[in-house]
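Here the structure is laid out as structure tokens; the discussion comes afterwards.
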Amino acid sequence: MSGNSGRPGDPAGRIGIGLELDDTHMKILEVLRENGRISVAALAERVGISRANAYTRFEALRADGAIKRFTAEIDHLRAGLGITALVFVTVRQQMWKQFRAELARMPEVEYCAITTGQHDAMIQVRVSDVAEVHRLVTERMANIPAVKATETVFILDEVLRRPYVLPTDRDAGRTSRRTAPEPAEVPLGKMRFVGAAEGRAALRKDG
């Protein structure tokens, strides 16, 4: 660990109490993303370090704030919340405080983010049926003075949802991509022609 205090202007990668995340920390976070309840012994084995080292690093990640908390991930459909919608909200700029307060009183709201662009905020809600979304938007949100306008989009299928992403994910993605075949060498001053049928066959094979 570094003795850096984590003050503004400190080098990138140093956060909270001053923990500098190295490759081993990233591997620990990768393993915890798959199984947050893994034992220290199993974590150490997966990462390739000693149990003492794994425990020390894990506790440092928690103390630093790199790991904020542990929580359960539920199946929303099994829990009776089969409808998910995004509500884009335009907020009256002088009434943000009221908007935040009213939003906190809505248990259907799972997530809210302030955005750029046409709207000011994006809200994700989970409810049991479409009628609940209609009531939430047209009755409750429409009656909030801070809300100027809304636009609702229903989510048909959640294709991908990761607990979190890491900088190392980009490196893994690059190595897993199929590399393009090296072109055959053509002697200088000569040209090689490929027939149309041969070209189409190659495209079908690559596809």
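The values are calculated or read from the model by the stated rules, or taken from the named source; none is laboratory data. The structure presented is a predicted model; accordingly, all values stated were derived computationally and were not measured. Every residue, glycine as well, gets a Cβ built from its backbone with ideal geometry; the counts of neighbours run over all protein chains shown. The accessibility values were calculated without ligands, DNA or RNA, using every heavy atom of the protein model including side chains. Shrake-Rupley method; radii C 1.70, N 1.55, O 1.52, S 1.80 Å.
Assorted remarks:
- Residue satisfying condition, being open to solvent by less than 60 Å² (accessible area, probe 1.4 Å), on the phi < 0 side of the Ramachandran plot, modelled with pLDDT of 95 or more and part of a helix (DSSP H, G or I), within set Ala172, Ala131, Ala149: Ala131
- Scope the range 23-63; condition in a loop (DSSP other than H, G, I, E, B) and open to solvent by 50 Å² or more (accessible area, probe 1.4 Å); matching residues: Asn35, Arg37, Ser39, Gly48, Ser50
- The set of residues in the range 152-165 being open to solvent by less than 80 Å² (accessible area, probe 1.4 Å) and either assigned to a strand (DSSP E or B) or at pLDDT 95 or above (or both) consists of Thr152, Val153, Ile155.
Conditions (1) hydroxyl-bearing (Ser, Thr, Tyr); (2) within 28 Å of Val31 (Cβ to Cβ); (3) out of contact with any helix residue (DSSP H, G or I) (no Cβ under 7 Å at 6 or more places or on another chain), marked per residue:
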residue	(1), (2), (3)
Ile67	no, yes, no
His76	no, yes, yes
Ala79	no, yes, yes
Leu86	no, no, yes
Arg100	no, no, yes
Cys112	no, no, no
His119	no, no, yes
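- All of Ala79, Ala66, Ala72 fail the test of being open to solvent by 30 Å² or more (accessible area, probe 1.4 Å), on the phi < 0 side of the Ramachandran plot, in contact (Cβ under 8 Å) with a residue 12 or more places away in the chain and in a loop (DSSP other than H, G, I, E, B), apart from Ala66.
- Selected residue (only one of Val109, Val125 is hydrophobic (A, V, I, L, M, F, W, C), in contact (Cβ under 8 Å) with a residue 24 or more places away in the chain and under 11 Å from Thr84 (Cα atoms)): Val125
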